[in-house]
Every structure is written in structure tokens, then in C-alpha cells.
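Visitor: Take this structure first; my questions come after.
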Amino acid sequence: MKKRTLTSTHWGAYEVESGRGRVLGLHPFAHDPDPSPIGNSIPAALTGRSRILRPAVRKTYLERGPGAATEKRGAETFVEVSWQEALDLVAAELKRVRHVFGNESIFAGSYGWSSAGRFHHAQSQVHRFMNAIGGYCAHVGTYSLGAGRTLMPRIVMPMDDLLAQLTAWPSIEAHCELFVGFGGVPLKNAQIGVGGASQHWVRQGLERLVAAGCALVNIGPAAGDLRAGDGVEWIPIRPNTDTAVMLGIAHTLLTEDLHDRAFLDRYCVGFERFSAYLLGETDGQAKHAAWAARIAGTDAGTISGLAHRMAASRTMINASWSLQRADHGEQPYWMLVVLAAMLGQTGLPGGGFGVGYGAVNNGGAHAASFSGPVLPQGKNPVRIAIPVARISDMLLNPGAQYQFDCGTHAYPDIRLIYWAGGNPFHHHQDLNRMLAAWRRPETIVVNEQYWNASAKLADVVLPATTMLERNDIGSASRDRFMIAMKQAIEPVGEARDDYAIFSELSARLAAKHAYTEGRDTMQWLRHMYQTARERARPFDIALPEFDEFWDAGFLEMAAPADAAVLLSAFRADPDAHPLKTPSGKIEIYSQTIASFGYDDCPGHPVWLEPAEWLGGTGVRRYPLHLISNQPATKLHSQYDHGVVSLAGKVSGREPIALHPQDARSRGIAEGDVVRVFNDRGACLAGARLNAGLMRGVVQMATGAWYDPLQPGLIGTLDKHGNANVLTLDKGTSRLGQGCSAQTALVEVELYPGVPPPITAYDPPGFAPQETARNK
């Protein structure tokens, strides 16, 4: 008998059709005007060959215990074991590490988006479990916004507050005359939303801007990053040069008296210090349009002309998240805030600045910033946390000191990694360096659904359920729908919920009540929902009783009466509504940051040459700048093995886009298999020609499952197109220590001969348990 339920994913809500014990199809949520096709990847993947069906232990680890032959991770067979044996083994190892080395030797960063469900959110579950057993070494920040999250609270406001208050699309549509997007507004990214994306906003928002007569300008190396019919002007610039272009615009505004001096005096501090740099009084180089044009690879007239247009129009300036995922990534975000302040439009409807329109669906949505149910994670007794993008540094350099956000810290000595809800061999940079670091811990445990690289490189693998095999609640900030995610099918194989796994482990570690509080899943959902009802009241949202919500399948929350305008209260009365910065104002010059003494992030925004870029000496060996953007066919690496992602491959490999002239000069044609390489690594990819790229720039999305030619070997060729074998593993600065993935030079050549087969989606080999036991 067929049945229909609802589920929520990070790329949309869907009606799930199931019957005969399997999922028959996913259909778009009726209230979504622009549904994502990614959900079509789920049904076949649930029972495909990549699914993890039973607990498994790396063979040598099972035979010899922790620390055995860690160089074999990724290359060795596994032994399938019973749940009891697997849980006993993991519990015993947690006890050993805690007793011998302390809880600070356990890393459970578990970074990743995992499930949109708010209870079965794997990161929250593993962190709650670890807190119940005495704590763990955690991470701070994100790969998406590491530099921005550290910088923005010191100059304007915390990033979460900024995203919650981002000016809504209806305000932009009604008032904006010129929308300038540094890094564009990529619609492929706008498919996704943290916690869910039940109503997609961005495509309609852009189309309505064009229809209302707003001019759209896309500044960046890729024309495709901002599409809205024919109404977009593209200004191509070299990657990582956005700060220089903004400085050139600012110089024109200042020297031609187009800046708003009254706004700078009333709402900002430090403009005099910054203007001295802008005019070249501090370093002998005026940051005029011609100077900026030489750096960015454009022309001075374009930059100065844009400055005039911005000053004469109600202007919204947007910076994509990708801008701060680069060497010195703090600078373009700081300069964005300064440029908007010079125009004097911050806090006005349809004007000012935004960070991340199009980065995720919910940015700028006309909905309340109410996030819905949340699983409390508890308090971590261990006070050690590393910047998330510094994992390899931590594993390779235990005890080494590093600087981060005004402090000097020491990396812990990690003996055990427990990962749930993410794929570090997707997110992290320089995977060959990561492989070397991954050999250091004595034990790696992974809760996972599919045999991706992170599972194959673990010691103990515990099969987890998907969102369709359990009950949950889907909800997100600035999303108007809350979804009752009812279980559609029984768990595949022997898969268990993360909650069930950690409940069993906590019982073995005398911490079950601290972890579960005596509640089963449905009791937790009721408890979280009731708590959310109370938190909804300040937003003028009245949630129904839980049973009414659960029976209905979803609920819709009314849109706010007025469209949000970022910093409108501050602009109306900065004394009554000061910012959380030291001065209470926008900090164009930050005395606090200046006091840290960081030459890679001084007291005001500056142009700093990236470690690798098209204007540097590295182009002599590697003349192409790699943009490793977010994929259109999956979320990060989730469902890379799904039908939507597979349909987008070229010869089974991740596509790489090249300008036709760059391809022609290398003898590369559409559809060819190519080798992409630099000193950090090499991978294969499928060539696609794209005249909408700046010459000298190639674009390859992240998310292809890592597929080494010789598993376990450092430096071997990745056959599948994982861009992170090429990217730079360097902190953005000593302030933010974010990832610098967008700073990478490469070369591309035609691959000779027959390419090796793709094995990324194959499960590992399995040895009989008796064989392992007899050793």
C-alpha cells in the first residue's frame, strides 16, 4: 500500500511517496515556487551499492587494536561485526582515551550539514553525547564563513545577527536602483538552506528586481554567478582582487566628494585613518581606479564609472561567501562595510550591504528569524576548541602554538576522532596533507550512511539512518514552514539513528540519563517543539499544539508585517540602538584589531597580495586560477552518488569549466578527460568549455567523492575530480584562521590514454570475521 509523508532537506521540502518498504519518489512541496531537483537523488541512493548496511571495523584495527597500521586507512578491508561488538569496542576505546589522555584528546568537531531535521542533526547529537561523557576538543567557526565570523562582530555585528536581519527581498525590490554583487548571487547555492529551504526565494527576487527596473552588476570571474534574464552587467575581474576594486571605487568617491561625510561622522569611527591609506599618505600608493584596474585585470573607467553610478543610486552591495574563503579573506568583507558606509545608505530600505544573498536560500527571505526547535547540546567541560579549518595543523602539530582572534593557543594531542554528520574529505583543503594528518590519531570512529572517503578512511564505521527512516522536525530561521518529518520506510540494513547509537554508548559509559534525560525520540520532539512554542512568542508567532502540527504534516508561519532592513534601528537612533562593537558604531578603523599586531590583518581594510593569484609569480608554473565553487547538483558531497549529480558528470568525473581559448591552447575539447594539477596534488576531471569565464580562470565544483588511484597512498592521483586535492590549506589570517580554498593556481592538460575507472561509490572489500579472529 502506498503512503505519502513529508520530509525536509537542506535543498527543499518534499512529499515522499513510499510503498512495499521502499521510497518510490519525492515530489516538490506544493508551497515551493522554485523547487530543487536534488531531492530526486535520494530514492535510488537509499539502497544503492554505496549504502553501509552493517557495523564494520578495519581489519588490522580489529586484530591489533588502536593505532595499528594507520597508514593502511583507506586501503584495507573491513570486517562486519555485530552491533554489540562494535558498540563495546567503541565504548572501551572512549574509556581508554579518557582515562589515559583526558577528554581533550577526543576531537568530535563533526563538521558538516548532516540532516535538516532538528533532532536527528548528527553534529548536535555527537556534541551532546560527548558533553555527557566529560567533553571533547571542539571547533569554532565554519568553512563557509570562518573569516567573516571572526571579523564582523568586531566591526559591525555578529554574523548570525547580520544574517538574521539581512534586508528582505521585498525591500530591495521596492527601493533598490542598483544591485552590485561581488561574487554574484549564484542560484545554484540558493537551492540550499541551513535547516531547510521549503520556499525558495532567490530566483524570483532577482527576476522581480529586473522587472522593477533595478540595474544588476556582477563583479567576479564568472558571468554565471548572477543570472536574471538579460538584465545583468558583468564586470570580469581576477579572483581574490575584490578588495582592490572596492578600494578603487572608494578612492573615486572620496576624491570626487561623492561620499557621505555626515553618515561617516555620525555612525562610524576611524574614517580618517582609513582615508589616509586610501589616498596613499601612509604607504605612498594612492588606491585610485587605475591602480585597482591593474591588479584586477579590468579598466579604470569601469571602476570609476561604477563609483559614480553607486553614488547616484539607491545601491545594495552584496559580497558572496566565497570572497572570504580566500587568502586575507577578512579584507573584502571589511571593505564592503566601509564602501557601504561611504555611500551613506546603510540602514536604508533597499540600500546598504549584504553578505550572502544567494549563498543560501534563506538570506533575505521575507520571514521571521525564528529558528524553531533546537536540541540542547549541553555544556562542554573541555575548554579547547580549534578554528574548524585548522584540523590538519592540529593533527600534525600537537602542542604547537598558533594565533587566533587576539589569543595564542596550543593544539591538543588528539588520540581519537569521532565524526558524525559530515565528510572531512570533502570540506578540508589539501587532501594529501590531510591524509598524512589523518594517520596520527589512534582511533577514528564514523557514523555514516554511505561508503564515502571518510567512512573508508575510518577504523570503526557505524551505519546511520537517513532522514526518511526516522521521525523528526524540519525548521529553519527565515523559513515560513515547519515540516513534520514522518518516517517513510524502515531503516535499510542494520542502520540505526545517531540517537540510538549514542544512547547505547552512553549506557556503557554510565552517562545515559545525562544524554537521553529519559526521553525517546517522540518525547524529545514534543519537548523541543514545546520549547520552540515559547521562543516563538516574541516573533508574534503562535504555534499550535504538537499533535495538531504532527497530524497536519506542516505548519505555515505568517510573514512579518514589514520587510526587514538591515541596521534600520541603528540608523534611526544609534544612541538608543548601538552596535555591539567597542565604539557602538561601525568600525572602519578598529583599534582592537590594530592592537593585535597582525600584519596579515591590520586595523583597517587593506589590499594584501594573495599567496597565489594571477598577478603573482606563481603563474609562471601554474597559469590558471582554480575556483572551487559549490556544486549545482548536490549539497557539498551529499548525494554525489545520486542520479542528479551523476547526470552532471563528464565521463563519470566532476566537470571543470575552461574558457574556450584556454582550452584550445592546450589541445582540449569539450568532453575530454583532463588532468588538473599543482604541487599539492592532481585529479582528473571532464572538460566543459565556458565563454562566461574570465581568461586564466577555471571552475570546478567541490563535492566529488575522493577516489584515489592507489588508496591510502599520499600524493596519488584522484580519479574523480575532488578539487580539494589542489586547494591551499592556509589560514586566511591570524585573526580569522578561515579556509583559503579559493586561493589556488593550477595547470590543466589533456589526459593521455584510457582513464582509470571510477571506484568512489564502491564499498570497501570485506574479510570474513573468522579470518580476522584467527590472526
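The values are calculated or read from the model by the stated rules, or taken from the named source; none is laboratory data. Computed from a predicted model, the values in this text were never measured in an experiment. Neighbour counts run over all protein chains shown; Cβ positions are idealised from the backbone, glycine included. Side chains are part of the model used for accessible areas, which takes the heavy atoms of the whole protein and leaves out ligands, DNA and RNA. Shrake-Rupley method; radii C 1.70, N 1.55, O 1.52, S 1.80 Å.
Visitor: Enumerate the helices (runs of 4 or more DSSP H) found wholly within the stretch 104-179, keeping only those where 3 or more residues are within 23 Å of the chain's Cα centre (by Cα) and under 19 Å from T346 (Cβ atoms).
Guide: 146-155, 159-165
Visitor: Can you tell me which residue in the stretch 563-605 is surrounded by the most Cβ atoms within 10 Å (Cβ to Cβ), limited to those that are within 14 Å of R273 (Cα to Cα) and without any contact (Cβ under 8 Å) to a residue 12 or more places away in the chain?
Guide: Step by step, filter the stretch 563-605, then rank; the result is P602.
Visitor: Looking only at the stretch 170-213, which residues are surrounded by fewer than 24 Cβ atoms within 10 Å (Cβ to Cβ) and without any contact (Cβ under 8 Å) to a residue 24 or more places away in the chain?
Guide: Once the filter is applied, which keeps residues that are surrounded by fewer than 24 Cβ atoms within 10 Å (Cβ to Cβ) and without any contact (Cβ under 8 Å) to a residue 24 or more places away in the chain, the stretch 170-213 yields E207, V210, A211.
Visitor: I've got another one for you. Taking helices (runs of 4 or more DSSP H) that do not extend beyond the stretch 581-684, which have at least 2 residues that are polar (S, T, N, Q)? Break it down stepwise before answering.
Guide: Values: elements: 591-596, 643-647, 660-664.
The helices (runs of 4 or more DSSP H) meeting that bar are 591-596.
Visitor: While we're on this one: Assess whether M482 counts as being open to solvent by less than 10 Å² (accessible area, probe 1.4 Å) and either modelled with pLDDT of 95 or more or over 30 Å from the mean Cα position of the chain (by Cα) (or both). So that I can check it myself, show each step before the final result.
Guide: Values: open to solvent by less than 10 Å² (accessible area, probe 1.4 Å): yes; either modelled with pLDDT of 95 or more or over 30 Å from the mean Cα position of the chain (by Cα) (or both): yes.
Spelling it out, M482 is indeed open to solvent by less than 10 Å² (accessible area, probe 1.4 Å) and either modelled with pLDDT of 95 or more or over 30 Å from the mean Cα position of the chain (by Cα) (or both).
Visitor: Whether any residue in the stretch 216-229 is part of a helix (DSSP H, G or I) and acidic (D, E) is what I want to check. Lay out the reasoning, then the answer.
Guide: Applying the first criterion (part of a helix (DSSP H, G or I)) to the stretch 216-229 yields 223-225.
Filter once more, keeping what is acidic (D, E): 225.
Yes, there is a match, as at least one residue in the stretch 216-229 is part of a helix (DSSP H, G or I) and acidic (D, E).
Visitor: Also, quick follow-up: What is the number of the single condition among (1) open to solvent by 10 Å² or more (accessible area, probe 1.4 Å); (2) closer than 30 Å to F274 by Cβ; (3) in contact with a helix residue (DSSP H, G or I) (Cβ under 6 Å, 6 or more places away or on another chain) that G231 does not meet?
Guide: Here G231 meets the rest and fails (2).
Visitor: Restricting to the stretch 501-539, count the residues that are under 15 Å from F129 (Cα atoms), basic (K, R) and part of a helix (DSSP H, G or I).
Guide: Qualifying residue count, the stretch 501-539: 2.
Visitor: Given the conditions (1) part of a helix (DSSP H, G or I); (2) among the aromatic types (F, W, Y); (3) out of contact with any Gly (no Cβ under 7 Å at 6 or more places or on another chain), and given that F353 satisfies all but one, which numbered condition is not satisfied?
Guide: (1)
Here is a yes/no grid of residues against (1) under 26 Å from I627 (Cα atoms); (2) modelled with pLDDT of 95 or more; (3) of a type outside the set (F, W, Y):
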{"site": "S320", "(1), (2), (3)": "yes, yes, yes"}
{"site": "Q324", "(1), (2), (3)": "yes, yes, yes"}
{"site": "M335", "(1), (2), (3)": "yes, yes, yes"}
{"site": "G344", "(1), (2), (3)": "no, yes, yes"}
{"site": "G356", "(1), (2), (3)": "yes, no, yes"}
{"site": "G364", "(1), (2), (3)": "yes, no, yes"}
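Visitor: Turning to a different aspect of this structure: I'm trying to understand the selection: among the residues of the stretch 392-437, which are touching a helix residue (DSSP H, G or I) at 6+ places or on another chain (Cβ under 8 Å) and among the small types (G, A, S)?
Guide: Those that are touching a helix residue (DSSP H, G or I) at 6+ places or on another chain (Cβ under 8 Å) and among the small types (G, A, S): S392, A400, A420, G421, G422, A436, A437.
Visitor: Any idea which residue in the stretch 368-410 is most open to solvent (accessible area, probe 1.4 Å), counting only those that are over 22 Å from the mean Cα position of the chain (by Cα), among the hydrophobic types (A, V, I, L, M, F, W, C) and under 24 Å from D160 (Cβ atoms)?
Guide: The qualifying residue most open to solvent (accessible area, probe 1.4 Å) is C406.
Visitor: I'd like the full set of residues that are in contact (Cβ under 8 Å) with a residue 24 or more places away in the chain and either touching a Cys at 6+ places or on another chain (Cβ under 9 Å) or among the basic types (K, R) (or both), limited to the stretch 236-292.
Guide: Answer for the stretch 236-292, where residues must be in contact (Cβ under 8 Å) with a residue 24 or more places away in the chain and either touching a Cys at 6+ places or on another chain (Cβ under 9 Å) or among the basic types (K, R) (or both): R238, R266, R273, K287.
Visitor: Moving to a separate point now. Anything in the stretch 304-342 that is more than 30 Å from Q737 (Cα to Cα) and open to solvent by 10 Å² or more (accessible area, probe 1.4 Å)? List them, or say none.
Guide: Let us first name the residues in the stretch 304-342 that are more than 30 Å from Q737 (Cα to Cα), namely 304-315.
Within the stretch 304-342, S304, G305, H308, R309, A311, A312, S313, R314 meet the criteria.
Listed here are the residues, each with its yes/no results for (1) part of a strand (DSSP E or B); (2) open to solvent by less than 10 Å² (accessible area, probe 1.4 Å); (3) without any contact (Cβ under 8 Å) to a residue 40 or more places away in the chain.
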site: R4; (1), (2), (3): yes, no, yes
site: S8; (1), (2), (3): yes, yes, no
site: E15; (1), (2), (3): yes, no, yes
site: S18; (1), (2), (3): yes, yes, no
site: H27; (1), (2), (3): yes, no, yes
site: H31; (1), (2), (3): no, no, no
site: G39; (1), (2), (3): no, yes, yes
site: A44; (1), (2), (3): no, no, no
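Visitor: Mind telling me which of the residues L728, L713 ends up being closer than 16 Å to N629 by Cα, part of a loop (DSSP other than H, G, I, E, B) and open to solvent by 10 Å² or more (accessible area, probe 1.4 Å)? Spell out the reasoning first.
Guide: Numbers: L713 fails: closer than 16 Å to N629 by Cα.
Just one listed residue meets the conditions, L728.
Visitor: All but one of (1) at pLDDT 95 or above; (2) touching a helix residue (DSSP H, G or I) at 6+ places or on another chain (Cβ under 9 Å); (3) surrounded by fewer than 22 Cβ atoms within 10 Å (Cβ to Cβ) hold for D679; state the number of the condition that does not hold.
Guide: (2)
Visitor: Looking only at the stretch 100-130, which residues are hydrophobic (A, V, I, L, M, F, W, C) and either open to solvent by 20 Å² or more (accessible area, probe 1.4 Å) or without any contact (Cβ under 8 Å) to a residue 60 or more places away in the chain (or both)?
Guide: Keep residues of the stretch 100-130 that are hydrophobic (A, V, I, L, M, F, W, C), which gives 100-101, 106-108, 113, 116, 119, 122, 126, 129-130.
Scanning the stretch 100-130 gives V100, F101, W113.
Visitor: All but one of (1) open to solvent by 20 Å² or more (accessible area, probe 1.4 Å); (2) in contact with a helix residue (DSSP H, G or I) (Cβ under 9 Å, 6 or more places away or on another chain) hold for A510; which doesn't?
Guide: The one condition A510 does not meet is (2).
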